[in-house]
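Novice: First, the structure itself, so that you have it in front of you.
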Number of protein chains: 2
Amino acid sequence: MEAAFAAYSEGRAVVPPVGELLFEDPPGDAHIKYGYVRGGEHFLVKVASGFYKNPEIGMPSSNGLMLLFDQRTGMPKAVLLDDGLLTDVRTAAAGAAAAKHLARSRVERIGIVGAGIQARLQLEHVARAISCRSALVWGRNRERARRMVEDLRQSNLDIELADSVSELAAKCEVIVTTTPSGTPLLSRECARPGMLIIAVGSDTPEKQELDVGVLAMADLVVADSKAQCLTRGEIHHAIGAGVIDESDIVEIGDIIRGVHVGRGSNDEIIVVDLTGVAVQDIFIAVAVLRALA
Amino acid sequence: MEAAFAAYSEGRAVVPPVGELLFEDPPGDAHIKYGYVRGGEHFLVKVASGFYKNPEIGMPSSNGLMLLFDQRTGMPKAVLLDDGLLTDVRTAAAGAAAAKHLARSRVERIGIVGAGIQARLQLEHVARAISCRSALVWGRNRERARRMVEDLRQSNLDIELADSVSELAAKCEVIVTTTPSGTPLLSRECARPGMLIIAVGSDTPEKQELDVGVLAMADLVVADSKAQCLTRGEIHHAIGAGVIDESDIVEIGDIIRGVHVGRGSNDEIIVVDLTGVAVQDIFIAVAVLRALA
């Protein structure tokens, strides 16, 4: 993911606008993403669908597959029938990359907001990236959050359930928010010196996990894609509210490749907004293909 | 293909704009087409690429595959690794549908302009559609056209090589043009009463097989997609030259489903411009899936 973001911010990724198909009965959507990295070996076409009534018939709502083609001949090279798993993993790997580059030098505890698949994957990946084995979890559905805590206790993590987001914010230096919430879960008061807040749940113009005041408090606001964060995710809400300016935004790829400074001190508050870019799909699909070859 | 064009003209096909990836070194392109027919079972994603230096390394320049997904759940149903064959066949089947609905009642001879894969497929499909076993072939590459004539003599066709397009036009009542020519091959003088001219080669804004005078002479000008023919193919050249008007254009799907009259008499000149629409891909992929099921 570090290489993916660096390639993106360097302008080496060719990623046209996402194609979309909408369905009415039953309601659903399919997104077709495609692109390549100049100088790479492959181009990618990814199809991801969401049919929200699938669980009623015992099927997952999300589906997807990735196709890789040879960038020099157009020959199909791989069909990865991953059911959306690779998208989940690349999103978690992006959180880990952000934590690795932007967390303060010493992190006592990781806070996870949310209790779904992405919450679990973020905890696993971020914990490994910054070598921190303590975590607090808070979820809007308390029972689901409790199950997550119990499950993950098996995996050598020192993990507890938080009673509130405020408790989580008071005790953690890295917080990852992973919900599809439409109303802010973290208030301005949650932002404490030294904190790194990574928002991965909001990937549409409507969703919002952070109060715009959290971004207003930040010393540094980081996007995966500046262009995309102007129209969706946390940053676009904060710019819309006038509390931050477009020129304040730094791309994580520019920090990774060293053309922009990351964390300046252990006291800075940093917010990272990850909305998901197709270059991540390209890199994870190619990595899988190489591992299989 | 008849059902495909009817569904398209009826407005039942959902076919967003085509996605495109361009490559520079080596030069190539990939087109991503996707869509579905409302009330159908599937949605389609098709990837078709052209890498024009592939033959230098012993590979075909065109490549492609089609993916079918369940329209009610998003589940992947089929990956058709057809190397572009299905696109060739659906294009030939479209020519056959045009001939079936728009040729005069008696056709002595079919004329084919071009000597490539599409020329052979058109002859095979059109001959079957109108039960005519006599054909003349003219190709810009005479040697290639001669080989085509020799090959197809094996298949119970009464087939000869024409010395010129004028000879072909003088002796045939149905002409199919199948070349990627950038300059018109059929002049105004080629258009004779009773003729049906089907142009399938031109699928970009630049390519042109028919002099605009041919369309000016026509009693009826038919498009596969009115919207698409305004920006590419023969019709857009003729409209650009001012010899026909947008309101003159009739969609073949409207003729097939009976909301517009087709041929009015055995003396009419009819020109059909087939630029290729994604709904054809949807129908042929679904037909293949059904045949395999």
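The values are calculated or read from the model by the stated rules, or taken from the named source; none is laboratory data. Model, not experiment: these values are computed from the prediction. Here the Cβ is made from the backbone with ideal geometry for all residues, glycine too, and neighbour counts use every protein chain on show. These accessible areas exclude ligands, DNA and RNA; they are computed on the full protein's heavy atoms, side chains included. Shrake-Rupley method; radii C 1.70, N 1.55, O 1.52, S 1.80 Å.
Novice: Once a ≥ b ≥ c are taken as the square roots of the eigenvalues of the Cα gyration tensor of the protein assembly as shown, is the result rounded (a/c under 1.5), prolate (a/b larger than b/c) or oblate (a/b not larger than b/c)? Show your work: numbers first, answer last.
Specialist: On the way: a/c = 2.75, a/b = 2.60, b/c = 1.06.
Cα axes put the protein assembly as shown in the prolate bin.
Novice: Going through the DSSP H helices of chain B, which span 27 Å or more along their own axis at the Cα atoms while scoring at least -1.0 as a mean Kyte-Doolittle hydropathy? Walk me through the numbers on the way to the answer.
Specialist: Values: long enough: none.
Helices meeting the span and hydropathy rule in chain B: none at all.
Novice: Report, for A:Pro16, each distance to the same residue's label point in the other copies, shortest first and in nm; define the point 7 Å along Cα→Cβ.
Specialist: Label-point distances to the other copies, shortest first: 1.2 nm.
Novice: Report, for B:Arg146, each distance to the same residue's label point in the other copies, shortest first and in nm; define the point 7 Å along Cα→Cβ.
Specialist: Computed spacing set for this position: 8.7 nm.
Novice: Would you tell me the mean number of C-beta atoms belonging to other protein chains that fall within 10 Å of each C-beta in A:47-58, as a whole number? Working shown, then result.
Specialist: Numbers: counts 8, 1, 8, 1, 6, 0, 2, 4, 0, 0, 2, 0.
Per residue, the number of nearby Cβ atoms from other chains is 3 on average.
Novice: Under unit Cβ charges (Lys, Arg +1; Asp, Glu -1), what dipole magnitude, rounded to 20 debye, does the protein assembly as shown have relative to its Cα centre? Provide the component values of the computation, followed by the final result.
Specialist: Working: 60 positive and 78 negative charges, 261 e Å.
Approximately 1260 debye in magnitude.
Novice: Something else about it: Copy-to-copy spacing for A:Thr231, label 7 Å out on the Cα-to-C-beta vector, in nm, shortest first?
Specialist: Label-point distances to the other copies, shortest first: 1.7 nm.
Novice: On full extension of the chain, what length is gained from B:Asn156 through B:Ser105, given 0.36 nm per residue of separation minus the C-alpha to C-alpha distance?
Specialist: Details: separation 51, 0.36 × 51 = 18.36 nm, distance 2.22 nm.
Difference between extended and current length: 16.1 nm.
Novice: What is the set of long-range amide H partners of B:Val272 at a cut-off below 5 Å, with H atoms built 1.01 Å from backbone N?
Specialist: For B:Val272, the qualifying residues are B:Ile197, B:Ile198, B:Ala199, B:Val222.
Novice: Residues with amide H under 5 Å of B:Gln71's amide H, sequence separation 5 or more or different chain, H placed in the peptide plane at 1.01 Å from N; which?
Specialist: B:His42, B:Phe43
Novice: Still on this model: Rank A:Tyr36, B:Tyr8 by accessible area, highest first, at a 1.4 Å probe radius? Walk me through the numbers on the way to the answer.
Specialist: Details: A:Tyr36 15, B:Tyr8 50 Å².
Ranked list, largest accessible area first: B:Tyr8, A:Tyr36.
Novice: Suppose R0 equals 51 Å; then what is the FRET efficiency for A:Glu56 and B:Leu22 from their Cβ-Cβ distance, rounded to the nearest 0.05?
Specialist: Values: r = 43 Å, r/R0 = 0.83.
Calculated transfer efficiency: 0.75.
Novice: In the structure displayed, which of A:Lys100/A:Lys207; B:Lys46/B:Lys207; A:Lys207/B:Lys226; B:Lys33/B:Lys100; A:Lys226/B:Lys53; B:Lys33/B:Lys207 lie more than 31 Å apart, Cα to Cα? Intermediate values should be presented prior to the final figure.
Specialist: Values: A:Lys100/A:Lys207 26 Å; B:Lys46/B:Lys207 23 Å; A:Lys207/B:Lys226 39 Å; B:Lys33/B:Lys100 27 Å; A:Lys226/B:Lys53 37 Å; B:Lys33/B:Lys207 21 Å.
Distance filter (> 31 Å) returns A:Lys207/B:Lys226; A:Lys226/B:Lys53.
Novice: With a ≥ b ≥ c the root eigenvalues of the C-alpha gyration tensor of the range B:187-277, is it rounded (a/c under 1.5), prolate (a/b larger than b/c) or oblate? Write down the numbers at each step before the final one.
Specialist: Details: a/c = 1.65, a/b = 1.10, b/c = 1.50.
The shape class here is oblate.
Novice: Nearest 500 deg cm²/dmol is fine: what mean residue ellipticity at 222 nm does the protein assembly as shown get from its DSSP H runs of n ≥ 4 alone, each adding -39,500 (n - 2.57), divided by its residue count? Could you put the intermediate results ahead of the total?
Specialist: Values: 20 runs with 194 residues, N = 586.
The per-residue figure over the protein assembly as shown is -9500 deg cm²/dmol.
Novice: According to the square roots a ≥ b ≥ c of the eigenvalues of the Cα gyration tensor, what is the shape class of the range B:1-157, taking rounded for a/c under 1.5, prolate for a/b larger than b/c otherwise, and oblate for the remainder? Please report the intermediate quantities before stating the final value.
Specialist: Values: a/c = 2.51, a/b = 1.27, b/c = 1.98.
The shape class here is oblate.
Novice: Any chance you could look up the accessible area of A:Ser166 with a 1.4 Å probe, heavy atoms only, rounded to 10 Å²?
Specialist: Roll a 1.4 Å probe over it and A:Ser166 shows about 80 Å².
Novice: Viscosity 1.306 mPa s, temperature 10 °C: give me the Stokes-Einstein translational D for the range B:25-110 in µm²/s, with Rh taken as the Kirkwood radius over C-alpha pairs. All intermediate terms of the calculation are to be shown ahead of the outcome.
Specialist: Values: Rh = 15.5 Å.
Value of D from the Cα-based Kirkwood radius: 102 µm²/s.
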